[in-house]
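Notes follow the structure.
The values are calculated or read from the model by the stated rules, or taken from the named source; none is laboratory data. Here the structure is a predicted model, which means the values were calculated and not measured. Every residue, glycine as well, gets a Cβ built from its backbone with ideal geometry; the counts of neighbours run over all protein chains shown.
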Amino acid sequence: MNHFIALKYFSQGEIEKLIDLAIKIKSNRSLYRDSLKGKSIGLIFEKPSLRTKTAFYIGAVQLGAEAIYYTPQEIKIGERESVGDIAGTFSVYLDAVVLRTFSHDTILEFAKLSKIPIVNALSDFFHPSQVLADILTIKEAKGDIKKLKIVYAGDGNNVCNSLIHAFSILGGNLTLSIPKGYGYGLKNKVLAEAKAQAEISGAKISFNPSLSEAAKGADVLYTDVWTSMGKESERKKRKKAFKNFQINDKILKAAKSDCIVMHCLPAHRGEEITDSVIDSKNSAVFKQAENRLHAAKAILVYLLKGNKADK
Ligand code: CP
Ligand code: NVA
């Protein structure tokens, strides 16, 4: 069964194919209008969502499919009923499930027990559909990502881990600027896997605890919140730990003058990014948000049409 759970399961060629498909879908919406006619897509989200929910829901509709969204209250994965019973039931009703969970293990278990494709719409470890759209955005703005210097500052979890996957597979120079103790998930498996991938792609993944140093000559400055969903009780502590990791005018000035500033959103303005930067001419945040839709459609077409995805 094909799933879309983490970018590490995809080869460079497969990621490039997905990006090309997203570009085609973006440039010719009507060509893909009936691609998923007769298909039904379920969306189950344990956490709030604006972009991901809209991108997959509206994306499915624009491809001719039906979409159904379940709130956390009605499904209660593992509480009202087991993951296996939900996966088994959806397998007889639906053609694909888009799933946002607290624990990545829930997605893995769901995928194991499902007879239909599962899409990871964000877990604590990974946010692959976000980063697929981000690669598209970087490619549109800057061309060959192998030649670029990308700096990431922000929480060291889902978006960060998926960026590590993407750059280690595709190439490029990714510097992570994250306070000590907040790169959870980074020091172990993700980095070891990235190292092996980077040897093939030529990617350079490094850490620099000084953001002002790291930002020098950057083509892309990427940030995410300091306090991810589910970590709200740590907000005060995190604000202190991350205070030197804000993307502000000084950091923007250190980067290349034509650098793009990226944020997956939602932003906590005044924390990880200032208004002056997120609203500046360098900001690509709404291009990223738009590309979420095209990337979501590409993922659905790729999973449900396989080799017939090409038009
Ligand atoms: N970037 C992103 O995933 O946004 P949402 O949480 O609003 O879906
Ligand atoms: N790291 C953030 C990403 C939101 C899209 C979170 O998990 O809340």
Legend entry - Top-ranked residue of the stretch 141-151 - restricted to ones that are surrounded by 15 or more Cβ atoms within 10 Å (Cβ to Cβ) and of a type in the set (D, E, K, R), ranked as farthest from Gly202 (Cα to Cα): Lys142
Inset, instruction - Please work out if Val83 is aliphatic (A, V, I, L, M), touching a strand residue (DSSP E or B) at 6+ places or on another chain (Cβ under 7 Å), within 16 Å of ligand 1 (Cβ to nearest atom) and at negative phi. - result: no
Legend entry - Residues of the stretch 163-176 classified as surrounded by fewer than 24 Cβ atoms within 10 Å (Cβ to Cβ) and within 13 Å of Tyr152 (Cβ to Cβ), total: 4
Legend entry - Qualifying positions in the stretch 47-85 - within 15 Å of ligand 2 (Cβ to nearest atom) and over 25 Å from His294 (Cβ atoms): Pro72
Legend entry - Yes/no for Ala133 being buried (at least 24 other Cβ atoms within 10 Å of the Cβ) and in contact with a Ser or Thr (Cβ under 8 Å, 6 or more places away or on another chain): no
Inset, instruction - Could you please let me know if Ala6 is of a type outside the set (Ser, Thr, Tyr), under 22 Å from the mean Cα position of the chain (by Cα) and within 16 Å of ligand 2 (Cβ to nearest atom)? - result: yes
Inset, instruction - Check whether at least one residue in the stretch 89-101 is touching a Pro at 6+ places or on another chain (Cβ under 9 Å), over 29 Å from Asp155 (Cβ atoms) and surrounded by 14 or more Cβ atoms within 10 Å (Cβ to Cβ), and report yes or no. - result: yes
Inset, instruction - Determine which single condition Glu74 fails, assuming it passes every other condition in (1) under 25 Å from Glu140 (Cα atoms); (2) modelled with pLDDT under 95. - result: (1)
Inset, instruction - Would you mind finding the one in Gly59, Gly84, Gly13 that is buried (at least 20 other Cβ atoms within 10 Å of the Cβ) and modelled with pLDDT of 95 or more? - result: Gly59
Legend entry - Selection from the stretch 29-68 of residues that are away from ligand 1 (no atom under 16 Å from the Cβ) and without any contact (Cβ under 8 Å) to a residue 24 or more places away in the chain: Ser30, Val61
Inset, instruction - Go through the stretch 195-311 and tell me which strands (runs of 3 or more DSSP E), entirely inside it, have 2 or more residues that are surrounded by 12 or more Cβ atoms within 10 Å (Cβ to Cβ) and within 16 Å of ligand 1 (Cβ to nearest atom). - result: 220-223, 260-263
Inset, instruction - Go through Ser103, Ser91 for me and flag whichever is within 26 Å of Lys305 (Cα to Cα) and out of contact with any strand residue (DSSP E or B) (no Cβ under 7 Å at 6 or more places or on another chain). - result: Ser91
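Please state which one of Ser40, Ser27 is over 24 Å from Asp105 (Cα atoms) and in contact with an Asp or Glu (Cβ under 6 Å, 6 or more places away or on another chain).
Going through Ser40, Ser27 in turn, the sole match is Ser40.
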